[in-house]
Amino acid sequence: MTSLSNKRILLIVSGGIAAYKALDLVRRLRERGASVVPVMTAGAKAFITPLALSSLAGAKVHDELFSLTDEAEMGHIELSRAADLVVIAPATANILAKMASGLADDLASTLLLATDKRTLVAPAMNLRMWLHPATQRNVATLRADGVLFCGPEDGAMACGEFGPGRMSEPLAIVDAIEAALTGDTTLPLPVGIAAAPGTKAPPLAGRRVVVTSGPTHEPIDPVRFIANRSSGKQGHAIAAAAARAGAEVILVSGPVAIPNPQGVTVHPVETAREMLAAVEAALPADIFIAAAAVADWRVSEEATEKLKKTGGGAPVLTLSENPDILATVSRPGARRPALVVGFAAETEHLLDHARAKLARKGCDMIVLNDVGTGTDTFGGDTNEVTLVTASETIPWPRLDKTEIAERLIETLVPRLEAKPS
Ligand code: PMT
């Protein structure tokens, strides 16, 4: 068994001389137990044949957006989501530009827009095209969107010039695929990205952000648990916004029914104690944001068998207090993140309770939201929050949770930069 066993890779081959290396990449992936679903752009077919690619992949090549047969077998939306990882090798300047601007004018670009899976690109192009400010802008956009890069490398080009633009070797791409599938988002920056003219690193590049999200489930017996109505929408949106801002993001999530955000490493947990352990394992970090609705109490003695009606009255559940994750992470010490942000979910005396929580838990900021009856804060798509710090009270209007997340990350960036490193 390898970490690629039974993994399904959607491999998009775009048009460049390095397309011949995609054939070797397919072979290496299959040797390691992965299955490869190949997709070719029109340009790719000028360099390698669909027959060669399909023979090595042992699977049919998809190349038409409006193919009646393909749509009948598996629609293109489903094709884009059935994979564990989407890989583009080689990725031309053209396909990077289409991805960065959200164009969908052929099968490959449509799949890239429709997928809910992580995407890894292995660029290959002439060095002038790679270093062009337009390409560098697109690369910066894609990185901020959570797209992973492998290469390109410095080297001699097919056109006779020397510099950055060579596609990484198939084995290096295999390593990057394994890292992407095991949640390692710290793949090396592509050559030239930092030095390219006119490009700015995303604001949280090189920073690590840990976010908690969703509810916790505290078991009563093997079939019952204590829980709450958190959907994870707010916490997941924050994790996605931090990843778009260039951070390496670890999302520790209780049980939720929404998809994992792109470009984020997710650690699923059930109970408050598991959440605390996963958060502590994810530290050190620059920012910690506690958006999870952690159960304050758990049942002291979880029954090993399903509780039965005995006719002697209802069972009495004795509760114990759960560890406070936010207060634990906020404790002063070398491992305390530079910025610790908590939420306060209140139904009355909102500001008083938020200020008391800020002081009691020792965090730098509380995001206060009203969870009273009829607010739809738990589970809904919008939220109305007030940021509370030791010296500020900043009310925001009702906004979509994704907009709250964007604004929160934007608000935190200068505060983080102002901290002594
Ligand atoms: O998930 P959604 O449906 O999108 O809903 C979003 C939300 C309402 C869950 C979210 O916006 C929110 O308010 N999250 C915090 C909910 C909560 O438990 O608040 P609290 O006031 O009980 O806790 C205060 C803070 O301490 C929170 O940051 C919480 O994560 C943290 N905490 C609480 C208890 C505990 N044992 N450990 C903690 O870390």
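The values are calculated or read from the model by the stated rules, or taken from the named source; none is laboratory data. All values derive from a computational prediction rather than experimental measurement. For neighbour counting, all protein chains shown are included, and Cβ atoms are generated from backbone atoms with ideal geometry for every residue, glycine included.
Observations on the structure shown:
- Selected residue (criterion: farthest from Ala291 (Cα to Cα)) from residues of the range 337-365 that are part of a loop (DSSP other than H, G, I, E, B) and touching a residue at least 12 places away in the same chain (Cβ under 8 Å): Glu348
- Considering residues of the range 59-81 that are among the hydrophobic types (A, V, I, L, M, F, W, C) and assigned to a helix (DSSP H, G or I) only, the residue modelled with the lowest pLDDT: Ala72
- Residue in the range 201-218 that is farthest from Ala257 (Cα to Cα), counting only those that are more than 16 Å from the ligand (Cβ to nearest atom) and out of contact with any Pro (no Cβ under 8 Å at 6 or more places or on another chain): Ala201
- Of residues in the range 381-393 being near the ligand (Cβ under 9 Å from one of its atoms) and within 21 Å of Phe288 (Cβ to Cβ), the one farthest from the chain's Cα centre (by Cα): Val385
- Total residues in the range 204-236, condition crowded, with 19+ Cβ neighbours inside 10 Å, at pLDDT below 95 and not charged (D, E, K, R): 1
- At least 3 residues being within 16 Å of the ligand (Cβ to nearest atom) and either within 16 Å of the chain's Cα centre (by Cα) or under 30 Å from Ala140 (Cα atoms) (or both) is the threshold, and among the helices (runs of 4 or more DSSP H) wholly inside the range 233-336 those reaching it are 233-244, 272-282.
- The range 220-232 - residue that is within 16 Å of the ligand (Cβ to nearest atom) and in a strand (DSSP E or B) and, of those, nearest to Val413 (Cα to Cα): Ile226
- Where strands (runs of 3 or more DSSP E) sit wholly within the range 84-159, those with at least 1 residues that are modelled with pLDDT of 90 or more, in contact with a Lys or Arg (Cβ under 7 Å, 6 or more places away or on another chain) and not assigned by TED's automatic domain parsing to the domain that holds Ala239 occupy 85-91.
- Pairs, first within 25 Å of Ala345 (Cβ to Cβ) and assigned by TED's automatic domain parsing to the domain that holds Glu274 in the range 292-309, second among the basic types (Lys, Arg) and surrounded by 10 or more Cβ atoms within 10 Å (Cβ to Cβ), C-beta under 9 Å, six or more apart: Ala293/Arg229; Arg298/Arg273
- Considered as a group, the residues in the range 354-375 that are closer than 29 Å to Glu417 by Cα and out of contact with any helix residue (DSSP H, G or I) (no Cβ under 9 Å at 6 or more places or on another chain) include one that is nearest to the ligand (Cβ to nearest atom), and that residue is Ala354.
- Qualifying residue in the range 104-113 (condition: crowded, with 22+ Cβ neighbours inside 10 Å, touching a residue at least 24 places away in the same chain (Cβ under 8 Å) and over 19 Å from Phe149 (Cα atoms)): yes
- Residue in the range 22-42 that is small (Gly, Ala, Ser), modelled with pLDDT under 95 and in contact with a helix residue (DSSP H, G or I) (Cβ under 9 Å, 6 or more places away or on another chain) present: no
Per-residue answers, yes or no, for (1) surrounded by 15 or more Cβ atoms within 10 Å (Cβ to Cβ); (2) hydroxyl-bearing (Ser, Thr, Tyr); (3) closer than 30 Å to Gly206 by Cα:
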site	(1), (2), (3)
Ile325	yes, no, yes
Ala338	yes, no, yes
Val341	yes, no, yes
Thr347	no, yes, no
Cys363	yes, no, yes
Val371	yes, no, no
Glu384	yes, no, no
Thr389	yes, yes, yes
Glu417	no, no, yes
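- Verdict on Phe378 being in a loop (DSSP other than H, G, I, E, B) and either within 8 Å of the ligand (Cβ to nearest atom) or not assigned by TED's automatic domain parsing to the domain that holds Ala239 (or both): yes
- Residue selected from the range 1-42 under the condition among the basic types (Lys, Arg), in contact with a Leu (Cβ under 7 Å, 6 or more places away or on another chain) and not in a helix (DSSP H, G or I), by the criterion nearest to Leu112 (Cα to Cα): Lys7
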